[in-house]
Structure formats: C-alpha cells, structure tokens
Amino acid sequence: MTERYVIQTENRKSDEAVGKGIGAIFGFVAALAAIGFAYQTVVGWYDATAIWLGDIGQYLASFWPF
C-alpha cells in the first residue's frame, strides 16, 4: 500500500491575490445587479407615467364637446 501525503504550502501572496479576485468578481456581479435594478425601476416609472398621461388625456378629452 502506498502512502499518500498532502503537501501544504503557505503562499500568502497567492492567497491574497485569490481573495482580491473573488472580491472583484463579487463587486462586479453586485454592480450588474444594481444596474439591472435601476434599469427596471426607470422602465417601470416610464410605463406608469405613460399610462397615467394616457388616462389624463382620455379624461380631458371626455370634456370635448364633439
């Protein structure tokens, strides 16, 4: 039976670089989520405003005598 060994090295620079990379990826994904949320909010406001203005126009047009 062969014996297997786990070789563990301490490389702080590599560990720090991996941590920064994971942090950068997390930040990028969070920024994309924020941009998506802001976009959906603006589109929702635009749609609601368009519907509201259409309803106001129909209401005002109901007073037109023709």
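The values are calculated or read from the model by the stated rules, or taken from the named source; none is laboratory data. Note that the coordinates shown come from a computational prediction; the quantities given were computed from them, not determined experimentally. Please note: Cβ atoms are built from the backbone with ideal geometry, for glycine as well, and neighbour counts cover all protein chains shown. Side chains are part of the model used for accessible areas, which takes the heavy atoms of the whole protein and leaves out ligands, DNA and RNA. Shrake-Rupley method; radii C 1.70, N 1.55, O 1.52, S 1.80 Å.
Report yes if V18 is outside any loop (DSSP other than H, G, I, E, B), out of contact with any strand residue (DSSP E or B) (no Cβ under 8 Å at 6 or more places or on another chain) and either modelled with pLDDT under 95 or surrounded by 10 or more Cβ atoms within 10 Å (Cβ to Cβ) (or both), otherwise no.
yes
Since I7 meets every condition but one in (1) open to solvent by 100 Å² or more (accessible area, probe 1.4 Å); (2) assigned to a helix (DSSP H, G or I); (3) among the β-branched types (V, I, T), which condition does it not meet?
(2)
I'd like the full set of residues that are among the hydroxyl-bearing types (S, T, Y) and assigned to a helix (DSSP H, G or I), limited to the range 35-65.
Once the filter is applied, which keeps residues that are among the hydroxyl-bearing types (S, T, Y) and assigned to a helix (DSSP H, G or I), the range 35-65 yields Y39, T41, Y46, T49, Y59.
Looking at D15, is it more than 31 Å from the chain's Cα centre (by Cα) and without any contact (Cβ under 8 Å) to a residue 40 or more places away in the chain?
So D15 fails the test.
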